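Below: the structure, in structure tokens.
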Amino acid sequence: MRFLHYRTLACLCFALALVPTVLTAQGAQTRISTTEMVKALQLPKAQRPLVIQIGFRVMFQQAHIPGAEYIGPGSDASAIDQLRKRMQPLPRNTFVVLYCGCCPWDRCPNVAPAAQALAAMGFTNAKVLYIPNDFGTDWASKGYPVQKGG
């Protein structure tokens, strides 16, 4: 699969944006690695995390984690509102994993706002999938499960 084009496009679109480089509110404990995520997807259905893609639609349509829900880019206020609405009725200990994968972790404009929104709502078991480079490199090209369309 070729993901370089979308990665480059997404990074260029946000190159001038002022985005947080790390999740300062929670730090590393909010991260889940790709190998941990693959294991979590193999848990019995009732124990699997709610997976939410907080990146760009074109990426979601090209390939996403099976069962993931698309919310919209975490850098967009309307997507954060949609995330809050989706999460509002759920117990605050719900296992939820957010992910983007548009570009390298330290330049992603979407991860921090979405994670901070869940923390502000009191979610205690929310994680962010740590994707150091991009979804294609760190997930799809490693043979981890993907679903297309949506």
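We did not get these values from a lab; they are worked out from the coordinates using the rules stated. These figures come from a predicted structure and were not determined experimentally. Cβ placement follows ideal geometry from the backbone for every residue including glycine, while neighbour counts extend to all protein chains displayed.
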* Amide H contacts of ARG31 (H built 1.01 Å from N, under 5 Å, at least 5 apart or other chain) -> VAL128
* **Simple label model, 7 Å out from Cα along Cβ direction - LYS39 to ALA119, nm** => 2.4
* To do: Search the structure for amide H atoms under 5 Å from the amide H of LEU50, placed 1.01 Å from N in the peptide plane, and list their residues when 5 or more places away or on another chain.
  => PHE95, VAL96, VAL97
* Kindly provide the trypsin sites (Lys or Arg not before Pro) of the stretch 32-136 that DSSP labels as loop, not H, G, I, E or B, and whose Cβ sees at most 15 other Cβ atoms within 10 Å. => ARG92
